[in-house]
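To start, the structure under review is shown below, and the notes come after it.
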Amino acid sequence: MAASADLEVGAPVSGGVLVDVEIPGPGASAIVDPGSNLDGAAEFDAPRSIDPALPLVDRAFHGVARTIGLLVLVVMGSIGLFLGYQSLPTLQRYGLGFFTESQWQPENDVLGISGVLVGTFTIAIVALVIAFPLAITTAIYISEYATPKIKSLLVSMVDLMAAVPSIIWGLWGFALMQPKAAHVGHWLHTHLGFIPFFQVDTDPSAAPWAETKYYASAFVAGIAVAMMVLPMAAAVMRQVFAQAPIGEREAALALGSTKWGMIRTVVLPFGKGGIIGGTMLSMGRALGETIAVVLIISPAFDIKFRPLEIGTESVSALIAGRFGEATSAQLSALLTAGFVLFIITLVINTLAAMIVARSRSGASTD
Amino acid sequence: MTAVARPLDSDRPLIGGGSLEAREISAWFGTNKVLERVSLEMPANTVTALIGPSGCGKSTFLRILNRMHELVSSAQLNGKVLLDGHDIYDSGHRITETRKRIGMVFQKPNPFPAMSIADNVTAGLKLSGVKTSRSEREEIIERSLTRAGLWKEVQDRLKQPGAALSGGQQQRLCIARSLAVDPEVLLMDEPCSALDPTSTRRVEETIHEIREQVTVVIVTHNMQQAARVSQQCAFFLAEQGTPGGIVESGLTEQIFNNPQDPRTADYVNGRFG
């Protein structure tokens, strides 16, 4: 308490300490403001104020950097405000029903995003289930096992993978992966079909099995999205793994550990924050992925947890698909769906950033 | 000493260190030769101090003794290191087993920060795949911490993270961790250079006490420390532009009181380095 009060009072006087001392002020001032009076300081022993007196260059750069930093906040805030404002009519009209209704039929005045949200998360989760093991093993291989040559090659390949446009991944998933994914889906349905999650609304053992029933599914879309989020997840994990302290690595090896033992005891615990953070950042990206999903899925608005089956819908694919022919009321509904997606990704990314910051990653170890 | 903690080398007595001998060790980093034909015997249950100015190859030599040298990708070496008569660089010897038998304590204390004090001590057992029962583990924890002179300070807080200890305590925790896998040789690379005088004394006492069970090789910049803890001493020197080597080695008393080489006399008397 005393320290903060003193700082507040002392700060403006800091430039004029000498003047204050020269005038033999009445004792009362020393009691009110001990920091500004040498006698008082000796008596009360409170922290004195220090004028940092930054050079002009530093102050100028500080100002520019702060302005640009704040600009990011302003842009983010204005997106949120704009979407929130545009959502008001829809939310007033449909209320909570907007979140529970699964169908999207503006022509019948039936609107809701529960089905779309389920589809969005299903695609994202499929993508993560595929991308996570690939990303973590890629990251471990690059940071721990690869020779310098292979390492730089793989790093640039992974970066290149991130630079492939979404539309290409969409075409890749649609034309190349879909027939193969249908076989995988059929296999999963045949052998794990007793779990509702792997069911498809068809008979898996029918003589010519209904291949197209396994097309255009959340599973196929998830594969394409996985390829898009993999580079980012792998890059975040690799960078954190590479920071694992050399001292601890050598300690483990000097105890007679295998390399894998060292990775398990030193690298992975150290990289925990990066693993979780990278995965959640991927989740944020996977939830919003649009064009590849639009290409692959065939729209279906039911709430269903059967990713192998044909038909699903995601928020971003819905917006992209309906945006062109929307009336102003429908546009508001689409913007509301976008607002919900914005909030969800914002929350997930903030959580990811908090986890990465809180983890020991990058912190010094002594 | 339980047989469980040392299952793979039952032919050697359970108490007592191993003898180590380096024969004609040369070492390179890339094309830069840092050691030239260094030979040194480190008899069982003695403390050998490696002294010499910075950059003379002491630490490189030490890291060659338990195959840590090769962790640097450009590092190469020639020569042999014999542990109880067998070359540890022979293809028949597993590197993990060698490192387990020849432990190492580093300059900067490096406990595993995510682990408790107790888990730090037993980390080596888990890492080298030694199966232990709970009671054996507790016994090993107490014995290792006692040998490292840390038991009394931490016995009430074994579940706390190892990183919460002071620097000197962390270093003794690292010594306890190395001792828990029951090595025959313990290499110490300037173990006290990051510690205050009190902690340094405790570590030196620890070295005295563990000498009965372990052969110790210690790199130090501190002449007094070398004189206090070692029975045998090797003086390394790398003259301008040439790889490092041993100028003189022998009993510590002799190196300090009656050095044969004028360069050794200059160094131990503090005239350079």
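The values are calculated or read from the model by the stated rules, or taken from the named source; none is laboratory data. This is a predicted model, so every value here is computed, not measured. With ideal geometry, Cβ positions are generated from the backbone for all residues, glycine too; neighbour counts draw on all protein chains shown.
For A:Pro106, state whether it is assigned by TED's automatic domain parsing to the domain that holds A:Pro299 and without any contact (Cβ under 8 Å) to a residue 60 or more places away in the chain. Spelling it out, it is not the case that A:Pro106 is assigned by TED's automatic domain parsing to the domain that holds A:Pro299 and without any contact (Cβ under 8 Å) to a residue 60 or more places away in the chain.
When A:Ala175, A:Ala163, A:Ala181 are screened for being of a type outside the set (D, E, K, R) and surrounded by 14 or more Cβ atoms within 10 Å (Cβ to Cβ), only A:Ala181 passes. Scanning region B:139-158 for residues that are in contact (Cβ under 8 Å) with a residue 60 or more places away in the chain and either loosely packed, with under 15 Cβ neighbours inside 10 Å or in a helix (DSSP H, G or I) (or both) yields B:Glu139, B:Ile140, B:Arg147. Residue count for region B:222-245, restricted to those that are closer than 12 Å to B:Ile51 by Cβ and out of contact with any helix residue (DSSP H, G or I) (no Cβ under 9 Å at 6 or more places or on another chain): 1. Applying the criterion of at least 1 residues that are within 14 Å of another protein chain (Cβ to nearest Cβ) and not β-branched (Val, Ile, Thr) to the strands (runs of 3 or more DSSP E) found wholly in region B:15-92 leaves B:75-83.
Filter region B:162-182 for residues that are facing chain A (nearest Cβ under 9 Å) and assigned to a loop (DSSP other than H, G, I, E, B) and give the result. Passing the criteria: only B:Val181. Do we find a residue being buried (at least 23 other Cβ atoms within 10 Å of the Cβ), part of a helix (DSSP H, G or I) and within 17 Å of the chain's Cα centre (by Cα) anywhere in region A:261-275? Yes, region A:261-275 contains at least one residue that is buried (at least 23 other Cβ atoms within 10 Å of the Cβ), part of a helix (DSSP H, G or I) and within 17 Å of the chain's Cα centre (by Cα). Condition check for A:Arg322 on (1) within 21 Å of the chain's Cα centre (by Cα); (2) within 18 Å of A:Ser298 (Cα to Cα): one failure, at (1).
Residue-level check: of (1) out of contact with any helix residue (DSSP H, G or I) (no Cβ under 8 Å at 6 or more places or on another chain); (2) more than 11 Å from chain B (Cβ to nearest Cβ), A:Gly247 misses just (2). Among the residues of region B:99-129, those identified as within 9 Å of chain A (Cβ to nearest Cβ), out of contact with any Leu (no Cβ under 6 Å at 6 or more places or on another chain) and either part of a strand (DSSP E or B) or aliphatic (A, V, I, L, M) (or both) are B:Ile102, B:Val105, B:Ala114, B:Met115, B:Ala123, B:Leu125. Among all residues of region A:333-342, there is at least one that is at pLDDT 90 or above and closer than 22 Å to A:Met227 by Cβ. Among the residues examined, A:Ala292 does not qualify as surrounded by fewer than 18 Cβ atoms within 10 Å (Cβ to Cβ), closer than 20 Å to A:Val220 by Cα, small (Gly, Ala, Ser) and in the same structural domain as A:Met177 (by TED's automatic domain parsing). Of all the residues in region B:215-259, those that are in a loop (DSSP other than H, G, I, E, B) and either touching a residue at least 60 places away in the same chain (Cβ under 8 Å) or out of contact with any Cys (no Cβ under 8 Å at 6 or more places or on another chain) (or both) number 12.
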